[in-house]
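Student: Encoded as structure tokens, here's the structure I'll be asking about.
The values are calculated or read from the model by the stated rules, or taken from the named source; none is laboratory data. Here the structure is a predicted model, which is why all the values come from computation and not from measurement. Here the Cβ positions follow ideal geometry from the backbone for every residue, glycine too, while neighbour counts run over all protein chains shown. Accessible surface is based on the protein model in full, side chains and every heavy atom, while ligands, DNA and RNA are left aside. Shrake-Rupley method; radii C 1.70, N 1.55, O 1.52, S 1.80 Å.
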Amino acid sequence: MRSKRKISALLVVAALMMGLSACGETEPEEKYVSPTFNTEVVTKEKNTKKGKGDKTTEEAEKNGDVEDSGLSKGDPVKASDLETPPSTETTIAGSYENGSYYNPFVGLAIRGEGLWRLYDAKAVAEATGLTEDEVNDLWYGVVSPYSVKTMTCAIAYKSDTGSNLIVSYINPKLYYMKSMTAHEYLELSVRDMKDVEVKNVNYLGQVYAMTEIPGATEQEGTRVQFAIRKDDLIVLLTYTLVGEDTLEEAADHVTELIMK
């Protein structure tokens with residue numbers, strides 16, 4: 001319960017950065033039963049929308065202004081090796097299989113193993129303030145992520161400390177910031193924080209904007225954010241590291257997802 005309260009608080013803080021609201025406003029015609037980690041994802045909407053990439057990170061890569069994150073050196077996961085290969089033709093929110101999370105839209109996989117677990121739709125709903133049906137509708141593509149301001153795709157957490165990783169999408173167009181890049185988003189979020197910078201790093205086979213925000217206390221945790229623009233959405237990976245947990249340890253459970 002404590003870890004859910006911490007994650008809920010973190011989501012509220014992230015929302016306040018831009019005055020975000022995590023609640024979708026579109027009322028779907030149909031509801032789905034909460035998915036389990038072994039449930040095959042079914043959808044009524046194909047998300048094939050294309051948009052602009054992130055010019056800031058593209059230019060940084062071209063100019064050589066990109067650092068090596070030094071993370072996730074493990075073997076990538078091949079979608080073709082999974083029992084139910086994930087696809088953006090079904091949903092861009094990603095899908096769950098055997099306790100792990102796979103997101104072909106972003107190109108990442110999160111392994112739920114050891115002390116690291118993944119929230120199901122009910123737990124994500126409790127952490128975000130949505131209903132379970134609202135989470136399912138976003139996860140299964142009944143409600144498009146392009147029609148809401150933010151959505152939470154996955155929450156992974158470490159059961160003993162409460163350290164966690166949140167995968168979320170932000171739609172800058174609905175905040176009248178259509179052309180905002182991932183780098184600009186992070187710059188805006190840390191603009192009032194002293195000695196916090198945003199840099200570009202190679203991570204999971206792509207160039208992400210990255211920032212690290214120290215916690216005021218050890219229990220509050222250090223927050224490390226990676227952001228990348230995909231089509232018209234900003235994908236945000238937020239690690240919160242509690243106690244003596246390290247980014248390297250948490251990132252060991254996240255690898256690149258290869259679709260080909």
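Student: Using modelled amide H (1.01 Å from N, peptide plane; none on Pro or chain starts), what sits under 5 Å from the amide H of Leu108, excluding residues fewer than 5 places away?
Tutor: Asn103, Leu257
Student: Another one. Quick one, what does Rg over Rh come out to for segment 97-153 if you take C-alpha atoms and the Kirkwood Rh?
Tutor: Using Cα coordinates only, the ratio equals 0.97.
Student: If the viscosity is 0.692 mPa s and the temperature 37 °C, what translational diffusion coefficient in µm²/s does Stokes-Einstein give for segment 152-213 when Rh comes from Kirkwood over Cα pairs?
Tutor: Once the numbers are plugged in, D ends up at 240 µm²/s.
Student: Which value does Rg/Rh take for segment 62-174 over its C-alpha atoms, Rh per Kirkwood?
Tutor: Values: Rg = 15.2 Å, Rh = 15.4 Å.
Ratio value, two decimals: 0.98.
Student: Calculate, for segment 122-257, the solvent-accessible area per residue in square angstrom, rolling a 1.4 angstrom probe over the heavy atoms of the protein chains.
Tutor: Ligands and nucleic acids excluded, the result is 38 Å² per residue.
Student: Hey, if you put +1 on the Cβ of every Lys and Arg and -1 on every Asp and Glu Cβ in segment 176-260, which of Ile234, Gly215, Ala251 ends up farthest toward the positive end of that dipole?
Tutor: The one lying farthest along the dipole's positive direction is Ile234.
Student: Further, regarding this structure: Which of Lys158/Lys178; Lys173/Lys199; Lys122/Lys199 have a Cα-Cα distance over 31 Å? Write down the numbers at each step before the final one.
Tutor: Values: Lys158/Lys178 35 Å; Lys173/Lys199 23 Å; Lys122/Lys199 35 Å.
From Lys158/Lys178; Lys173/Lys199; Lys122/Lys199, over 31 Å: Lys158/Lys178; Lys122/Lys199.
Student: If you scale each eigenvalue of the Cα gyration tensor by 5 and take the root, what three semi-axes come out for segment 130-235, rounded to whole angstrom and sorted largest first?
Tutor: 24, 20, 13
Student: Can I ask one more? With θ set to phi - 60° and the Karplus curve 6.51 cos²θ - 1.76 cosθ + 1.60, what are the ³J(HN,Hα) couplings of segment 196-201 in order, to the nearest whole Hz, using x for Gly and Pro?
Tutor: 10, 10, 10, 10, 9, 9
Student: Right, something else. Please state, rounded to one decimal and in Å, the Kirkwood hydrodynamic radius that segment 200-247 gives when every pair of distinct Cα atoms enters the mean of 1/r.
Tutor: Value: 11.6 Å, from the Cα pair sum.
Student: If each of Leu247 and Met177 carries a label point 7 Å out from its Cα toward its Cβ, how far apart are those two points in nm?
Tutor: Once both label points are built, they end up 2.1 nm from each other.
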